[in-house]
Amino acid sequence: MRIKSWLTNHASLILFFLGLTILVCYSLWNVSWYPMHDSTHPVRLMLLKETVVSGQFPAIWATHINQGFGYPLFHLYAPLFHYLALLFSFIFTLEIALKITLGLTILIGVSGTWLFTSQWGKSSASLATIS
């Protein structure tokens, strides 16, 4: 009951967060994977999924890289982002799982910016969130 009343009272704020997230993420959904300087995230997610399915959890050692010698890839490179994407990769393809994770992290960032800056007023929080 309390959650329903909270959602009703903050519906415009939630729509603002979702709208801003959709605006930022819109260009991600038009391509298979967007071109950038570091396009290794699909490969890292594939290696993480392969490692976890083989029984290594938490995953640390990627066995199929570094000429077969392996590398502690998951211990060093953004493990939380890739573990979150791993949850979605069991339902969706790797690219869609990464896009969902990017959208979710953007939504969390937008919400966190609003919550952090709302102590200075709604106008300041809106401006900080949009910028």
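A few points about this structure:
- Extreme residue, nearest to residue 108 (Cα to Cα), among residues of segment 62-89 that are open to solvent by 60 Å² or more (accessible area, probe 1.4 Å) and touching a residue at least 12 places away in the same chain (Cβ under 8 Å): 77
- Total residues in segment 6-58 satisfying the condition of being at pLDDT below 70, of a type in the set (Phe, Trp, Tyr) and either over 28 Å from residue 74 (Cα atoms) or in contact with a strand residue (DSSP E or B) (Cβ under 8 Å, 6 or more places away or on another chain) (or both): the figure is 1.
- Segment 67-98, residues that are hydroxyl-bearing (Ser, Thr, Tyr) and outside any helix (DSSP H, G or I): 71, 77, 93
- Some residue of segment 43-65 being of a type in the set (S, T, N, Q), within 24 Å of residue 16 (Cα to Cα) and touching a Ser or Thr at 6+ places or on another chain (Cβ under 8 Å): no
- Taking residues in segment 105-118 that are in contact (Cβ under 8 Å) with a residue 40 or more places away in the chain and assigned to a helix (DSSP H, G or I), and partners anywhere that are aliphatic (A, V, I, L, M) and surrounded by 15 or more Cβ atoms within 10 Å (Cβ to Cβ), the pairs with Cβ atoms closer than 7 Å and at least 6 places apart or on different chains are 106/24; 110/20; 114/125.
The values are calculated or read from the model by the stated rules, or taken from the named source; none is laboratory data. Only a predicted model underlies this, so the values are computations on that prediction, with no experimental measurement involved. Counting neighbours? That spans all protein chains shown, and the Cβs are built from the backbone with ideal geometry, glycine included. With ligands, DNA and RNA removed, areas are computed over all heavy atoms of the protein, side chains included. Shrake-Rupley method; radii C 1.70, N 1.55, O 1.52, S 1.80 Å.
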